[in-house]
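Colleague: Pasting a structure here, questions to come.
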Amino acid sequence: TMIGMSSTEIWMCYGCCCGVAAVDAKWKPRRESIDHIRSSLESSLAIGGMRGIPIRKTGCLGPCEKGNMAVVVKQGIDATVFRGINTRKLGGVLAEYAMEVERKGENAEVPQELNNQVYGSIAADEVPQPPSPEPYKDRH
C-alpha cells in the first residue's frame, strides 16, 4: 500500500461557485455537498490503499457553470480536467481514476462513468500552480 507521498494530486475547486449548493429551476439540488463529495474521495483512496494522494482545495478552476470542477494532476503527464463532479458516486470514481493515474501514469484510462465529465486536459509542461482558495474562504 502507498501511504507516503504521491506524485498524483486531486485538485477540487472551492472557488466562488463550485461547492455551493446549486439548485435547478424546480428548486431541486443539483449538487451534493462538496464536503460529502470530498469524504467520498477520501474513503475511496483509503480503501484503495492510496491515502497518500492529496486532495487539494483550490480557488476557482472555472468555468463556473460547469462546476464542480476537479483536476487530476501527476508530474510529467498531461492533467485531466473534469466538470460536474457533483455526487459522492462521481467523487468515488474520480478517486479510482486518480489511483489508476498513480499506478499507470499516462496509460491510465478515464473510467466510462466519467466520460461525460471530462472537460479537457492541460499539457504536462503547462500545468500551473493551483489557484489559492484564500479569496473564497468565507464561502466554504
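The values are calculated or read from the model by the stated rules, or taken from the named source; none is laboratory data. Model, not experiment: these values are computed from the prediction. Using ideal geometry, Cβ is built from the backbone for each residue, glycine included, and neighbour counts are taken over all protein chains shown. Each accessible area value is taken on the protein alone, full model and side chains, heavy atoms only, with ligands, DNA and RNA left out. Shrake-Rupley method; radii C 1.70, N 1.55, O 1.52, S 1.80 Å.
Colleague: Go ahead and estimate [θ] at 222 nm for the chain from helices alone: -39,500 (n - 2.57) per DSSP H run with n ≥ 4, summed, over the residue count, rounded to 500.
Modeller: Theoretical 222 nm ellipticity from helices: -7500 deg cm²/dmol.
Colleague: Taking Cα atoms, how many degrees apart are the long axis of helix 88-104 and the longest axis of the chain, rounded to 10 and kept between 0 and 90?
Modeller: Roughly 20 degrees, rounded to the nearest 10.
Colleague: May I ask you to list the chymotrypsin sites (Phe, Trp or Tyr not before Pro) in the range 27-130 that are in a DSSP loop and have at most 15 other Cβ atoms within 10 Å of their Cβ?
Modeller: The qualifying sites are TRP27.
Colleague: Quantify, in whole percent, the carbon and sulfur part of the accessible surface of the chain (1.4 Å probe; protein heavy atoms only). Could the numbers behind the result be given before it?
Modeller: On the way: 3790 of 7820 Å².
Ligands and nucleic acids excluded, carbon and sulfur give 48 percent.
Colleague: What percentages make up the Cα-Cα pair-distance distribution of the chain when the bins are 10 Å wide from 0?
Modeller: 13, 45, 34, 7, 1
Colleague: OK, next. In the chain, once you exclude exposed trypsin sites (Lys or Arg not before Pro) (DSSP loop, at most 16 other Cβ within 10 angstrom), what's the longest stretch remaining?
Modeller: 52-140
Colleague: Using alpha carbons only, how many degrees (0 to 90, rounded to 10) separate the axis of helix 34-47 from the longest principal axis of the chain?
Modeller: For helix 34-47, the angle is close to 20 degrees.
Colleague: To continue, here is another question. Only bridges with both residues in the chain count here: give the DSSP antiparallel percent, nearest 5.
Modeller: Approximately 75 percent, going by the DSSP bridge assignments.
Colleague: At 1.4 Å probe radius, can you tell me the per residue accessible area of the chain in Å²?
Modeller: With the other protein chains kept in place, the chain gives 56 Å² per residue.
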